[in-house]
Amino acid sequence: MTKVVFIAVLCLSGFVACSSSDRSVTKNSTDGKEIISLSESIAIHGGSFVNDQSVTGNIAYEQTIGNPYRATRAHKGYEYVMSPGKVDCYYVQENGAKELVGTYNCATGSCGVYAVGGWHWTSDEKPVAILSEYEKRSETFLFDFKENKKISSHYESFQNLYADGRDTKYFIVSAGDQREGIIDTNGNVLISPAYQELGSYVLNGNTIDYSLKHNIITAKLNDKWGVIEITTGKTLIPFNYDKATIFKDENNVILRENKKWHIFNLTGEKIIETGFDDILLIDNLVIAVNSNKLDVLDLTGKKLNSESITTTMGHNKSACCAEPSGISVYKDVKIPDKIFIGLSKEFTSEYDYETHIYSFDIKTHDLTFVEKTR
């Protein structure tokens, strides 16, 4: 029996790190790396960083912050220093010399660089950052320090839309009525805030909720989901569905209607008429569970395996999961002609799963049981 071990690794890069501009430095006795203690002011550095210790959650910016953490300083780029009543932007030369670019004076006495999902976004190319007036929830905006002006309207929140998982090209912004729209990094409005929800990056390994490559994003309007263009708001797939998501191949969209998932291409045409309880696409193969049967299909809907496998595993039907989540597919480089299919089912809690693993032979189309894990 072949035992398959699956390991998921998440790598983050290109984020913005924080360090103190007025700092005390000590040495860690075990690795010799600097530990920077935050004191009266806080600097936010634009550019690419390597952090030897992750910073989790939003950081509360106050005059004194007691928890030190490690961060590296940018060799070149923009640095944003937050101190009581203002935010200063400096340009940092390769030799470490700094030049003041501009200053934003807080309108409410308390402001700073806005944290997007716990990370701080600043432009790598120009002295632009998202600032927030902390005492006014709806006053978060893009500010150009060189031009000394706001370049976007005020919003309640910003959420990054990444290209290649790192570079931000657009932001989902939320207005005071909790409706969402999209602006670019220059503050231009691409889609006015009119939607109940716009897609964001889904880190489940199988699906995403937008594709910059194809200029599409899932959107919710009047309690129904569809697909629109990011830069124009043009409707590509009408708002008739209970949920919409995009496969990681970025060539197919799946939409849920009457508790069944359906496959569509990017022009809104349904590829396979049959709906499925759970579904996953890989290398032009459709791994599908329907009515307690596991099958592997091609993109025309033709079943490739000769015998369906009866299973009670697959899609997690609990209220927690709005996207297909019960199927995983893995490859072993030592066995290139096979793919391994994992069907999971939640039991007592979100973290208590049983998984049945099957193998599918790409050449012979044999679908067989491998093992059960929990």
Non-local residues with an amide H under 5 Å from the amide H of Asn305, with H modelled 1.01 Å from N and Pro and chain starts lacking one, are Val296
For segment 152-162, Karplus-derived ³J(HN,Hα) couplings (6.51, -1.76, 1.60; θ = phi - 60°; whole Hz; x for glycine and proline) come out as 9, 6, 8, 9, 7, 8, 10, 9, 6, 10, 8
For Thr231 and Lys86, extending 7 Å from Cα along the Cα-Cβ vector and measuring point to point gives, in nm, a value of 4.0 nm
Taking every C-alpha to C-alpha distance in segment 155-271 and binning by 10 Å from 0, the per-bin percentages run 15, 49, 31, 5, 0
Expected vector for segment 86-91, Karplus 3J(HN,Hα) from phi with 6.51, -1.76, 1.60 and θ = phi - 60°, integer Hz, x for Gly and Pro, equals 7, 10, 9, 10, 10, 9
If the chain between Lys293 and Thr311 were fully extended at 0.36 nm per residue, the gain over the current Cα-Cα distance would be 5.9 nm
The set of residues whose placed amide H lies less than 5 Å from the amide H of Ile282, leaving out same-chain residues fewer than 5 positions away, is Ile287
Once both label points are put 7 Å beyond Cα along the C-beta direction, the Lys169-Glu99 separation in nm becomes 3.2 nm
With label points set 7 Å from each Cα along the Cα-to-Cβ direction at Glu197 and Lys126, the distance between them in nm comes to 3.4 nm
The summed charge of the Ile230 Cβ neighbourhood (under 14 Å; Lys/Arg +1, Asp/Glu -1) stands at -2
Once Asp223 and Asp283 are pulled to full extension, the length gained, defined as 0.36 nm per residue separation minus their Cα-Cα distance, is 18.3 nm
In whole angstrom, the spacing between the Cα centers of segment 276-299 and segment 215-241 equals 25 Å
For 337-343, 359-365, ranked highest to lowest by mean beta-carbon neighbours within 10 Å, the order is 337-343, 359-365
Segment 173-193 scanned against label point 7 Å out from Ile151 along Cα→C-beta; backbone N under 18 Å for 173, 182-191
Phi-derived 3J(HN,Hα) across segment 120-129 with the Karplus relation (6.51, -1.76, 1.60, θ = phi - 60°), rounded Hz, x for Gly and Pro, is 9, 9, 9, 6, 7, 9, 8, x, 10, 9
Subtracting the Cα-Cα distance of Asp177 and Lys213 from 0.36 nm times their residue separation yields 10.0 nm
Beyond 29 Å (Cα-Cα) in this structure, taken from Lys213/Lys243; Lys248/Lys303; Lys259/Lys345; Lys303/Lys334; Lys234/Lys293; Lys248/Lys338, we find Lys234/Lys293
Under 5 Å from the placed amide H of Tyr170, counting only residues 5+ away or on other chains, we find Leu161
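Laboratory data are not the source of any read-out in this text; all were calculated from the coordinates shown. These figures come from a predicted structure and were not determined experimentally. We place every Cβ from the backbone using ideal geometry, glycine too, and count neighbours over all the protein chains shown.
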